[in-house]
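**Q** Input: one structure, supplied below.
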Amino acid sequence: MFIRRRTLLAASAAITVASPAIAQNYPRRAVQLVVAFAPGGSTDIGARILAAAAEKDLGQPITVVNKAGAGGQIGFTEVARAKPDGYTLGFLNLPAVNTIILDPERKAMFNVDSFIPIINQVLDPGLIWVKGDSPYKTLADLIDAARKAPGTLSACTTGILSDDHLAILMVQEAAKVEFRIVHFDSGTQQLAGVLGGHVDVAFDNVGSVFKRVQSGEVRGLAITDSERSKFLPDVPTTKDLGYGTVISSSTRGVGAPKGTPADIVKVIETAFLKAIKSPEMLQKMDAVGLALKPMVGAEYARYYADTQAQAKKYTEWALKQR
Amino acid sequence: MDALHHLLAGFAAALSVKYLLFALVGCVLGTLIGVLPGLGPAAGTAILIPLTFSLDATGAIIMLSAIYYGAMYGGTITSVLINVPGEAASVVTCIDGHQMARQGRAGSALGIAAIGSFVGGTLATVALVVVAMPLASLALKFGPAEFFALMVAGLCLVVGLAGNNMMAALLMTVIGLLLALVGVDPVRGAPRFTFGVEELYDGIGFIPVVMGLFGVAELLLAAEKRQTHMVEAELKSWMPTAAECKQSVGAIGRGTVVGFVLGLIPGVGAIVPTFMAYVLEKRVSKTPERFGKGAIEGVASAETANNAYANAAMVPLLALGIPSSPTIAVLMGAFIINGITPGPFLFQEQPALVWTVIASFFVGNVLLLILNLPLVGLWAKLLKIPFSYMCAGVLIFCVIGAYGLKQSLFDVWVMLGFGILGYLLRKLDFPIAPAILALILGPMMEKSLRTTLEISGGSFAIFLDRPVALTLLAVPVIVVGFLLFKPRSLAPLREGDSE
């Protein structure tokens, strides 16, 4: 018994001393970044650029692994259930994570607490766009047409309960109109749908189509944010147009499974923050139209909670309409 | 002709030593990726993207595109030799290709696949040069309604795969559709038939199922017969004979057209053109009973369609910036990371780059042919390895491939389970191809129907407003009518029938 107590004492001392040592030993091998969407899409591209840049600061390779499916649910579940040792990180899309949790039919195996939000990378504001030669020249035109023919104008999203979907619901609420909502799986499908004349308007994000807006192939009607996008300075915001309550964007950042030790989280945060603040990152992200908005620690945690609250309201509304 | 001028300039650039080397490396890597089962072109291309970071934009695209259609060819090799589809689109090649190998004609099969791929790819690229923009815009008119109709028409082609036992074929089709339901509802996101098994959220997993039904089942059958070699017959020839080439001319021609047309439509995927080309070939053949037993036209049509599709799929990508399939989406992502956003403005902003890339498609096709034809003999020699080693080797190969998909043992169990199922089905003489076709087309059919109904607000009348969709939907109606009312003796009724 004497020996056991001493051993216990020694063991606990060792663990207390070892914790920071564990963090100092991290990372000792490659780290996986799980992206819950298909390769080649906006999310994936942002993630790959970030991974390539942060590798240098982290000191170990960061491998991007795509686990697409079910609007991100497959990938998020994977991260939630991963070992919290810092070697599996997740690329978290908000509000995708939130809406999956809030939809009971999806039977999500994770909840808000399953992830530790570490650092946000991108804030991609929503963009409402139509074909370049569409009869709707402004958002007001679109809303007028929608009022005259309730439930006939079709608006497409990149997925059910995606930020695009929530944006449509916000517009419906603010402008008192009703659209026919069509769900595609990706921005490129939306392109095919709208350019082919099958759908009237698309709710998407700046990063996916900004080049086409710049070239005139498609026309941006409004940005669902409070400030204009530096990529599309001529497109008015919903706030400019009098719909200040319609604020919706897709944010993507890095998170870890619950239970990852705090010092490891700190190492990750430092490395990624350095990468995000680097000029090469800015250059690469500018080229693909993704606006950087780094958020760490308490700020990100608060944003996470706020997004959950906002998503809750519109998700419940969407579910009632089913 | 402005385009021709640009193209010639493109050739001059593409044939530079540097770009030739990139194309060559891409073809080799692509073929290797295609040979390794489980590592499909999408995953393989994604893994190789970092390789291209150090290259200039044009070089990167040339290499990545070469990897892409190299992978299309690579899948053929394992399909023919060991009945394991190297990647999804090679499934159809297994049907006749492996049978040809069993008859000692592996060389002919691989050879005609190389030749057909070359012809299909080159002709598709020529068509790309000539009609890229106008065709691409036309293809956009193909919306969800037309897509659904195309899928239904495609599924009815199952009739062409039926062989003798129509009932069995239809049963297998339904089983394929049922298997396709497992996973997550494509519109609502709710899990379906997953029985709480988390690994099933993404569906049963097409590649493990196919590797099991074809590859593992083949091993079990061969083991049962106590074969001494994977393929008993002596290898007759390393190349297709002149007669076989002549036989395949029509197949190659038709395969090119089918592959090219379908490659223009975004979302079709590589497997559909191969199936359709195969079934079309069987329909027009004067001796359809040879199909499934080693008809060279079967291999020629499928492989040609495959490559024609791969090259044609570049049209929506380059002309409109819309990727046709997941693999092309990866390619597009790679382009974007390298600073090039495919789309209509690309032709105006960077014509030199686009035309160099197009020129390199031609070059790539030639390179593939040169690379693969001489190697055919080498690949075919693999069949001389004694069966005991081959069997163990192929099984390990398959298990690694299945595991490598998602690092999940579950996929391995699925493969083995379907391997046993495939063995039983073969013993019972049930055709497997209809199940595969249904497994692929089912989800696409469902998603496009539901999107169509979302667009129409729930009304089926949308089909009446769309002539193309209506025409395509007439196909299954005709087919079903023919099946139901087919009189015993066809001969006197052959002319003047409602078909």
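**Q** If only one of B:T93, B:T76, B:T122, B:T173 is of a type outside the set (K, R) and surrounded by fewer than 24 Cβ atoms within 10 Å (Cβ to Cβ), which one is it?
**A** Just one listed residue meets the conditions, B:T122.
**Q** What's the number of the condition A:K211 fails, among (1) basic (K, R); (2) over 26 Å from B:S137 (Cα atoms); (3) in contact (Cβ under 8 Å) with a residue 40 or more places away in the chain?
**A** So the condition that A:K211 fails would be (2).
**Q** Under the condition of being under 15 Å from B:A433 (Cβ atoms) and aliphatic (A, V, I, L, M), which residue from the stretch B:258-301 is modelled with the lowest pLDDT?
**A** Among those residues, the one meeting the criterion is B:I271.
**Q** Out of all the residues in the stretch B:329-346, which are more than 8 Å from chain A (Cβ to nearest Cβ) and either under 22 Å from the mean Cα position of the chain (by Cα) or part of a helix (DSSP H, G or I) (or both)?
**A** Matches in the stretch B:329-346: B:F335, B:L346.
**Q** Another question, if that's okay. Output the qualifying pairs, or none if there are none: Cβ atoms under 7 angstrom, residues six or more apart or on different chains, first residue in the stretch A:304-317 and modelled with pLDDT under 90, second residue small (G, A, S).
**A** none
Condition check ((1) in contact with a helix residue (DSSP H, G or I) (Cβ under 7 Å, 6 or more places away or on another chain); (2) of a type in the set (A, V, I, L, M)) across all residues:
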| residue | (1), (2) |
| --- | --- |
| B:K286 | no, no |
| B:A305 | yes, yes |
| B:P323 | yes, no |
| B:P326 | yes, no |
| B:I337 | yes, yes |
| B:T341 | yes, no |
| B:W355 | yes, no |
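**Q** Identify all residues within the stretch B:152-170 that are more than 22 Å from B:K293 (Cα to Cα) and at pLDDT 85 or above; write none if there are none.
**A** Within the stretch B:152-170, B:V152 is the sole residue that qualifies.
**Q** Now a separate question. Return yes when A:G71 is buried (at least 23 other Cβ atoms within 10 Å of the Cβ), among the small types (G, A, S) and at negative phi and no when it is not.
**A** no
**Q** I'd like the full set of residues that are of a type in the set (K, R) and either within 14 Å of chain B (Cβ to nearest Cβ) or in a helix (DSSP H, G or I) (or both), limited to the stretch A:285-322.
**A** Scanning the stretch A:285-322 gives A:R302, A:K312, A:K313, A:K320, A:R322.
**Q** Given (1) modelled with pLDDT of 80 or more; (2) away from chain A (no Cβ under 14 Å), where does B:P316 come up short, assuming only one miss?
**A** (2) is the only condition that B:P316 fails.
**Q** How about the stretch A:216-245: which of its residues are assigned to a strand (DSSP E or B) and either of a type outside the set (S, T, N, Q) or within 14 Å of chain B (Cβ to nearest Cβ) (or both)?
**A** Correct list: A:V218, A:R219, A:G220, A:L221, A:A222, A:I223.
**Q** If you scan the stretch A:74-111, which residues turn out to be closer than 21 Å to A:L58 by Cβ, touching a helix residue (DSSP H, G or I) at 6+ places or on another chain (Cβ under 8 Å) and surrounded by fewer than 19 Cβ atoms within 10 Å (Cβ to Cβ)?
**A** Scanning the stretch A:74-111 gives a single hit, A:D85.
**Q** Any residue in the stretch B:272-282 that is within 14 Å of chain A (Cβ to nearest Cβ) and in contact (Cβ under 8 Å) with a residue 12 or more places away in the chain?
**A** Within the stretch B:272-282 (the criterion being within 14 Å of chain A (Cβ to nearest Cβ) and in contact (Cβ under 8 Å) with a residue 12 or more places away in the chain), the answer is no, since none of the residues qualifies.
**Q** Still on this model: Name the pairs: first residue in the stretch A:149-167 and facing chain B (nearest Cβ under 9 Å), second residue surrounded by 20 or more Cβ atoms within 10 Å (Cβ to Cβ) and hydroxyl-bearing (S, T, Y), Cβ to Cβ under 8 Å, at least 6 apart or on different chains?
**A** These pairs meet every condition: A:L161/A:T99; A:L161/A:T315.
**Q** Among the residues of the stretch B:118-150, count how many are farther than 21 Å from B:T274 by Cα, modelled with pLDDT of 85 or more and in a helix (DSSP H, G or I).
**A** Residues in the stretch B:118-150 being farther than 21 Å from B:T274 by Cα, modelled with pLDDT of 85 or more and in a helix (DSSP H, G or I): 2 in total.
**Q** Looking only at the stretch A:172-208, which residues are free of Cβ contacts under 8 Å to residues at least 60 places away in the same chain, within 10 Å of chain B (Cβ to nearest Cβ) and among the acidic types (D, E)?
**A** Once the filter is applied, which keeps residues that are free of Cβ contacts under 8 Å to residues at least 60 places away in the same chain, within 10 Å of chain B (Cβ to nearest Cβ) and among the acidic types (D, E), the stretch A:172-208 yields only A:D185.
**Q** Related question: Which is surrounded by 23 or more Cβ atoms within 10 Å (Cβ to Cβ), of a type in the set (A, V, I, L, M) and at pLDDT below 85, of B:I336, B:I400? First the steps, then the outcome.
**A** Details: B:I400 fails: surrounded by 23 or more Cβ atoms within 10 Å (Cβ to Cβ).
Only one candidate qualifies: B:I336.
**Q** Can B:I207 be described as assigned to a helix (DSSP H, G or I), of a type in the set (V, I, T) and at pLDDT below 85?
**A** Considered against the rule, which asks whether it is assigned to a helix (DSSP H, G or I), of a type in the set (V, I, T) and at pLDDT below 85, B:I207 comes out as yes.
**Q** Considering only the stretch B:96-117, I want to know if a residue exists there that is under 30 Å from B:P351 (Cβ atoms), buried (at least 24 other Cβ atoms within 10 Å of the Cβ) and of a type in the set (S, T, Y).
**A** Within the stretch B:96-117, one or more residues are under 30 Å from B:P351 (Cβ atoms), buried (at least 24 other Cβ atoms within 10 Å of the Cβ) and of a type in the set (S, T, Y).
**Q** What pairs come out if I take residues in the stretch B:420-435 that are over 15 Å from B:P208 (Cα atoms) and pair them with residues that are aromatic (F, W, Y) and outside any helix (DSSP H, G or I) whose C-beta lies under 9 Å away, six or more apart or interchain?
**A** Filtered contacts from the stretch B:420-435: B:L424/B:F430.
**Q** Also, I was wondering about something else. Please find, within the stretch B:347-367, the residue that is modelled with the lowest pLDDT out of those that are in a helix (DSSP H, G or I), surrounded by fewer than 18 Cβ atoms within 10 Å (Cβ to Cβ) and not charged (D, E, K, R).
**A** B:Q348
**Q** Is one or more of the residues making up the stretch B:455-467 assigned to a helix (DSSP H, G or I) and more than 14 Å from chain A (Cβ to nearest Cβ)?
**A** Yes, there is a match, as at least one residue in the stretch B:455-467 is assigned to a helix (DSSP H, G or I) and more than 14 Å from chain A (Cβ to nearest Cβ).
**Q** Additional query: Would you confirm, using the coordinates I've provided, whether A:V213 is closer than 15 Å to A:V130 by Cβ, in the same structural domain as A:D133 (by TED's automatic domain parsing) and part of a loop (DSSP other than H, G, I, E, B)?
**A** no
**Q** What residue, among those in the stretch A:139-154 that are among the hydrophobic types (A, V, I, L, M, F, W, C) and within 14 Å of A:A174 (Cβ to Cβ), is nearest to the chain's Cα centre (by Cα)? If you could, list the steps in order and put the result at the bottom.
**A** At the first step, the residues of the stretch A:139-154 found to be among the hydrophobic types (A, V, I, L, M, F, W, C) are A:139-140, A:142-143, A:145-146, A:149, A:153.
If we keep only those that are within 14 Å of A:A174 (Cβ to Cβ) too, we end up with A:139-140, A:142-143, A:146.
Details: A:L139: 25, A:A140: 28, A:L142: 27, A:I143: 27, A:A146: 29 Å.
Out of the qualifying residues, it is A:L139.
Conditions tested, residue by residue: (1) of a type in the set (A, V, I, L, M, F, W, C); (2) free of Cβ contacts under 8 Å to residues at least 60 places away in the same chain; (3) more than 14 Å from every other protein chain (Cβ to nearest Cβ).
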{"residue": "B:L123", "(1), (2), (3)": "yes, no, yes"}
{"residue": "B:A136", "(1), (2), (3)": "yes, no, no"}
{"residue": "B:P144", "(1), (2), (3)": "no, no, no"}
{"residue": "B:M167", "(1), (2), (3)": "yes, yes, yes"}
{"residue": "B:L178", "(1), (2), (3)": "yes, yes, yes"}
{"residue": "B:F206", "(1), (2), (3)": "yes, no, no"}
{"residue": "B:G215", "(1), (2), (3)": "no, no, yes"}
{"residue": "B:L221", "(1), (2), (3)": "yes, no, yes"}
{"residue": "B:K225", "(1), (2), (3)": "no, yes, yes"}
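The values are calculated or read from the model by the stated rules, or taken from the named source; none is laboratory data. This is a predicted model, so every value here is computed, not measured. Heads up, the Cβs are rebuilt from the backbone with ideal geometry, glycines too, and the neighbour counts pull from every protein chain shown.
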